[in-house]
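Visitor: Starting off with a structure, shown below.
The values are calculated or read from the model by the stated rules, or taken from the named source; none is laboratory data. Here the structure is a predicted model, which means the values were calculated and not measured. Ideal geometry is used to build each Cβ from the backbone, glycine not excepted, and the neighbour counts take in all protein chains shown.
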Amino acid sequence: MDQFSRGRNSWIQKSQGLTITTIFLMSCTQLLAEDFPVPSLETLDHQGVNGSLVICGGGKLPDEIFETFRQLAGGEKARLVVIPTASARAETNSGESFISPWKERGFAHVDVLHTRDREVANSTEFVAPLRQATAVWIVGGQQSKLGKVYAGTKVEEELQAVLKRDGVIGGTSAGAAIQSRLMIASGNPVANLQRGLDLLPGAVIDQHFKARKRLPRLTGTLKQHPGHFGIGVDEGTALVVQGRAMKAIGASTVTICLAASKTRKAKQYELSTGEIADLTALRRAAIARASHQFPPDKLRTPTVKNGSLMIIGGGKMTPDLWKEFVELAGGADAKIVIVPAASSNRSPERRSEFKILRNLGVKHVVALHTSDRDEANKEEFLRPLKEATGVWFTGGRQWKIVDAYAGTETEKAFHEVLKRGGVIAGSSAGATIQGEYLVRGNPLGNRDMMAEGYERGFGYLPGSAIDQHFTQRDRHPDLEGVKKTFPQLLCIGIDESTAIVVQKSTARVLGKNDVYFFDAANDAEDQTTKTKVSPGEVYDLQTRQTVEDPSPSKE
């Protein structure tokens, strides 16, 4: 038999020890109704996708892309399913024509899956090959054919299952476009849209991007569907997505697009081969552009109504700083929760903070750590915060704190500690997270002061942006840039081994070095002016000037 069968039969061909199962089924089908939910932070999985995606822009693909796909599929142990439904040759060519290229690339087990009938696509028998697959390749052609028959069916469910098993799904041209739920089916410069497969959430994927001048249709689609970001893959090129990392490989480039908002211009940039983008940051940036302006033109007054903040600039903590934190938390009766989310996942109980606090007489010290947002919403997990008198955020990378806790019940519980009169403290990243505007939030590096998608801190000190390791790492110009961009912010730079203790509207400086307040008024001509405040001095956050220390003498 050299043709696909024309009915609901299947055929098995044995060739050189290779078993090839080809299932071919046809029938008429109706176009699915458009179903494009608006992306939201509530449904965003910060860990990215399961498994791997290889999204190819069509044209002649270099061997590097196919070898990457084979390795992700399991190498010699790979079990591949090829879906040729988009191709005009799906009915006329033999199964071997879709199989032989993959045999030459080293795949020992290959199945071909094809139908035009949604009812068949929903059958258990039809999707059986996908249940054994470690890899799926979706052939190019016309993506509307794929969407009509497979979107929302058992085929899509099983494709998701392949990814959950740490498998890989790849595709070129139409096989790339189908991988986003909001799918460009045809048209240029105005796109015709259709529901695709929700393999890469929050994205709109286009292909043959530069070769066919498709930027207008991608940006036009984003304009009409806020909250999504765009990916334009050029010919001979692929975007490999693993978790939240998206890496360009191949001969040309991948273009990343964000739609304009009321306060931000549309943004496009290219990834050359080897360059990486962060999926979660792009999803968060697209959602932020579709939301209310942040930061708003008018911010809340920097004041702490209840409790205290202790904001430390990183570096070595002096004994006096530790003693101050313990005293603010209640002394020997303190109940302290350490939050190491910003740092590595090593055992929280082995952190040096435990030993230091216990040596200072604190009996109740616990660690609270998860990267699972579902866990962070569970009552049992946040129970230690119900009685906590102090919270300590460790240093590390501030975006990790955002990923773990922003918008969860745990974040609300942090605020409740402050409302009860407790203390929120943190060093380095644990300092920056306390501001309303988050600096250095880029997951790909800490040099980006204003990282879209990671601009919201936890806001314990309203109206502020806080930087650390300030003079020691020559960060004065960095914070000046933030102040120039957002003059409504009170920008605070804290040196190492130095802290401010904020109560009500005053900030008392402790430690070895200095703190800098970029305190020009919103409408000031020069936004680079700053006030240097040294240990023992106090700064009024409302009047924006140094004042006498209002706290009782400790002598």
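Visitor: How many residues does segment 225-251 contain that are over 20 Å from the mean Cα position of the chain (by Cα) and not in a strand (DSSP E or B)?
Guide: Residues meeting the conditions: 4.
Visitor: What number of residues within segment 373-389 satisfy the criterion of being loosely packed, with under 15 Cβ neighbours inside 10 Å and part of a helix (DSSP H, G or I)?
Guide: Residues in segment 373-389 being loosely packed, with under 15 Cβ neighbours inside 10 Å and part of a helix (DSSP H, G or I): 5 in total.
Visitor: For segment 428-442, give me each residue that is outside any helix (DSSP H, G or I) and either closer than 18 Å to F393 by Cα or touching a Gly at 6+ places or on another chain (Cβ under 6 Å) (or both).
Guide: Within segment 428-442, S428, I433, Q434, G435, E436, Y437, L438, V439, R440, G441 qualify.
Visitor: Right, another one. Can you tell me which of I249, I276 is under 19 Å from P443 (Cα atoms) and assigned by TED's automatic domain parsing to the domain that holds M183?
Guide: Exactly one residue qualifies, and that residue is I276.
Visitor: Out of V326, V337, report the one residue that is at pLDDT 95 or above and part of a helix (DSSP H, G or I).
Guide: V326
Visitor: Which residues, taken from segment 531-547, are surrounded by fewer than 19 Cβ atoms within 10 Å (Cβ to Cβ), in contact (Cβ under 8 Å) with a residue 40 or more places away in the chain and either assigned to a loop (DSSP other than H, G, I, E, B) or among the polar types (S, T, N, Q) (or both)?
Guide: Q542, R544
Yes/no per residue for (1) of a type in the set (A, V, I, L, M); (2) surrounded by 22 or more Cβ atoms within 10 Å (Cβ to Cβ); (3) in contact with a Lys or Arg (Cβ under 9 Å, 6 or more places away or on another chain):
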{"position": "D478", "(1), (2), (3)": "no, no, yes"}
{"position": "V482", "(1), (2), (3)": "yes, no, no"}
{"position": "P487", "(1), (2), (3)": "no, no, no"}
{"position": "G493", "(1), (2), (3)": "no, yes, yes"}
{"position": "V502", "(1), (2), (3)": "yes, yes, yes"}
{"position": "A520", "(1), (2), (3)": "yes, no, yes"}
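Visitor: Then there is this: Report yes if some residue within segment 62-69 is modelled with pLDDT of 95 or more, part of a loop (DSSP other than H, G, I, E, B) and not acidic (D, E); otherwise report no.
Guide: Yes, some residue in segment 62-69 is modelled with pLDDT of 95 or more, part of a loop (DSSP other than H, G, I, E, B) and not acidic (D, E).
Visitor: Tell me which residues, restricted to segment 475-512, are within 18 Å of A425 (Cα to Cα) and among the polar types (S, T, N, Q).
Guide: Once the filter is applied, which keeps residues that are within 18 Å of A425 (Cα to Cα) and among the polar types (S, T, N, Q), segment 475-512 yields S497, T498, Q503, S505, T506.
Visitor: Can I ask one more? Of all residues in segment 107-119, which are within 13 Å of T153 (Cα to Cα) and buried (at least 23 other Cβ atoms within 10 Å of the Cβ)?
Guide: Once the filter is applied, which keeps residues that are within 13 Å of T153 (Cα to Cα) and buried (at least 23 other Cβ atoms within 10 Å of the Cβ), segment 107-119 yields only T115.
Visitor: Follow-up. Limited to segment 473-482, what total is found for residues that are part of a loop (DSSP other than H, G, I, E, B) and more than 17 Å from V533 (Cβ to Cβ)?
Guide: So the answer is 2.
Visitor: Criterion first (surrounded by fewer than 23 Cβ atoms within 10 Å (Cβ to Cβ) and under 23 Å from the mean Cα position of the chain (by Cα)) does K164 satisfy it?
Guide: For K164, the condition - surrounded by fewer than 23 Cβ atoms within 10 Å (Cβ to Cβ) and under 23 Å from the mean Cα position of the chain (by Cα) - is met.
Visitor: Need pairs with beta-carbon distance below 7 Å; first residue assigned by TED's automatic domain parsing to the domain that holds Q268 and closer than 17 Å to H292 by Cα and within segment 211-238, second in a loop (DSSP other than H, G, I, E, B) and of a type in the set (F, W, Y); sequence gap 6+ or separate chains.
Guide: H225/F36
Visitor: OK, next. Before we move on, is K77 among the basic types (K, R), at pLDDT 95 or above, surrounded by fewer than 17 Cβ atoms within 10 Å (Cβ to Cβ) and over 23 Å from G141 (Cβ atoms)?
Guide: On the way: among the basic types (K, R): yes; at pLDDT 95 or above: yes; surrounded by fewer than 17 Cβ atoms within 10 Å (Cβ to Cβ): yes; over 23 Å from G141 (Cβ atoms): yes.
When the stated conditions are applied, K77 passes them.
Visitor: Could you grab me the full set of residues in segment 491-518 that are part of a loop (DSSP other than H, G, I, E, B), farther than 12 Å from L541 by Cβ and polar (S, T, N, Q)?
Guide: Matches in segment 491-518: S497, N513.
Visitor: Out of all the residues in segment 79-99, is one or more in the same structural domain as D198 (by TED's automatic domain parsing), in contact with a Gly (Cβ under 6 Å, 6 or more places away or on another chain) and within 20 Å of I231 (Cβ to Cβ)?
Guide: yes
Visitor: Output yes when any residue across segment 353-363 is within 30 Å of V204 (Cβ to Cβ), within 33 Å of the chain's Cα centre (by Cα), surrounded by fewer than 20 Cβ atoms within 10 Å (Cβ to Cβ) and at pLDDT below 95, and no when none is. Steps first, please.
Guide: In the first step, residues of segment 353-363 are kept if they are within 30 Å of V204 (Cβ to Cβ); the result is none.
Scanning segment 353-363 turns up no residue that is within 30 Å of V204 (Cβ to Cβ), within 33 Å of the chain's Cα centre (by Cα), surrounded by fewer than 20 Cβ atoms within 10 Å (Cβ to Cβ) and at pLDDT below 95.
Visitor: Which residue pairs have Cβ atoms under 8 Å apart, sit 6 or more places apart or on different chains, and have a first residue in segment 303-322 that is free of Cβ contacts under 8 Å to residues at least 40 places away in the same chain and a second that is part of a loop (DSSP other than H, G, I, E, B)?
Guide: From residues that are free of Cβ contacts under 8 Å to residues at least 40 places away in the same chain, the pairs are W322/L360.
Visitor: Return yes or no: is D198 assigned by TED's automatic domain parsing to the domain that holds V241 and surrounded by fewer than 18 Cβ atoms within 10 Å (Cβ to Cβ)? Show your work before the answer.
Guide: Numbers: assigned by TED's automatic domain parsing to the domain that holds V241: yes; surrounded by fewer than 18 Cβ atoms within 10 Å (Cβ to Cβ): no.
No, not satisfied.
Visitor: Checking K316 against (1) of a type outside the set (A, V, I, L, M, F, W, C); (2) touching a strand residue (DSSP E or B) at 6+ places or on another chain (Cβ under 8 Å); (3) in a loop (DSSP other than H, G, I, E, B); (4) in the same structural domain as N442 (by TED's automatic domain parsing), which test does it fail?
Guide: (2)
Visitor: Pull up segment 390-427, narrow it to residues that are hydroxyl-bearing (S, T, Y) and in a helix (DSSP H, G or I), then point me to the one that is surrounded by the fewest Cβ atoms within 10 Å (Cβ to Cβ).
Guide: T410
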